[in-house]
Amino acid sequence: MHGETDLESLLKGMSPRLHPGVWVFATLPPGTAEPSGLSPLMRYAEDEGTTLILDAGLAARANLETVFPCRRITLHIHSALEAVGFMAAIAQALAQAGIGCNPVAGYFHDHLFVPVDRAEEAMAVLERLSAGSDFD
């Protein structure tokens, strides 16, 4: 099961869903143990440290320095990891609305992290993009 690659099908079928809760990004310096009880949604090791995306409340309780309070939107279509143009079309539509976006690709779905105060607006942009007929 490799997912959809056709851009028109991806855009029309993306079915965005806004999740409850607020997420934040944090980093742990190299060699630093992850505080217990965090359950990050994502962790990614970089040369400079480990990036975490985690619940804002849990991050605060762990006294982590955080940035980018955001909401998570899941695009409910199984997009292929090798699909071309899907994230570009989404990023362009959000950029035209002045909305920043940090995408994360999972095996089955793509997830977007957008500023807390722009989440509903981002959903409206995505719904318009999905309903549009200008995919050519």
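Does residue 121 satisfy the condition of being at pLDDT 95 or above, of a type in the set (Asp, Glu) and closer than 19 Å to residue 44 by Cα? Answer is no for this residue.
Selection of first residues in the stretch 59-85 that are of a type in the set (Asp, Glu) and of second residues that are at pLDDT 95 or above and surrounded by 15 or more Cβ atoms within 10 Å (Cβ to Cβ), restricted to Cβ pairs under 6 Å at least 6 apart or on distinct chains, gives an empty result. Considering only residues in the stretch 62-75 that are assigned to a loop (DSSP other than H, G, I, E, B) and loosely packed, with under 14 Cβ neighbours inside 10 Å, the one that is farthest from the chain's Cα centre (by Cα) turns out to be 63. Taking the numbered list (1) touching a residue at least 60 places away in the same chain (Cβ under 8 Å); (2) surrounded by fewer than 15 Cβ atoms within 10 Å (Cβ to Cβ) in turn, residue 12 passes all entries but (2).
Output the residues belonging to the stretch 40-83 that are touching a helix residue (DSSP H, G or I) at 6+ places or on another chain (Cβ under 7 Å) and not basic (Lys, Arg).
Hits for the stretch 40-83 are 66, 69, 70, 73, 77, 79, 83.
Do the conditions hold for residue 54, that is, is it surrounded by 16 or more Cβ atoms within 10 Å (Cβ to Cβ) and closer than 15 Å to residue 7 by Cβ? Taking the combined requirement at face value, the residue does not satisfy it. Residues that are in a helix (DSSP H, G or I) and more than 22 Å from residue 20 (Cα to Cα) were ranked within the stretch 92-128; the one that is farthest from the chain's Cα centre (by Cα) is 96.
Filter the stretch 18-39 for residues that are surrounded by 15 or more Cβ atoms within 10 Å (Cβ to Cβ) and of a type in the set (Ser, Thr, Tyr) and give the result. Residue satisfying the conditions is 27 alone. Only residues that are closer than 22 Å to residue 110 by Cα, aliphatic (A, V, I, L, M) and free of Cβ contacts under 8 Å to residues at least 60 places away in the same chain were counted in the stretch 39-58, giving 5.
When residues in the stretch 5-19 are screened for being over 18 Å from residue 104 (Cβ atoms), of a type outside the set (Ser, Thr, Tyr) and not in a helix (DSSP H, G or I), 1 of them pass.
If a residue must be outside any strand (DSSP E or B) and not hydrophobic (A, V, I, L, M, F, W, C), how many such residues does the stretch 28-61 contain?
14
Rundown of residues vs (1) at pLDDT 95 or above; (2) in contact with a Cys (Cβ under 6 Å, 6 or more places away or on another chain); (3) of a type outside the set (Lys, Arg), yes/no style:
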| position | (1), (2), (3) |
| --- | --- |
| 65 | yes, no, yes |
| 71 | yes, no, no |
| 81 | no, no, yes |
| 90 | yes, no, yes |
| 93 | yes, no, yes |
| 98 | yes, no, yes |
| 107 | no, no, yes |
| 113 | yes, yes, yes |
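The values are calculated or read from the model by the stated rules, or taken from the named source; none is laboratory data. Quick caveat, the model's predicted, so the values are computed rather than measured. Neighbour counts run over all protein chains shown; Cβ positions are idealised from the backbone, glycine included.
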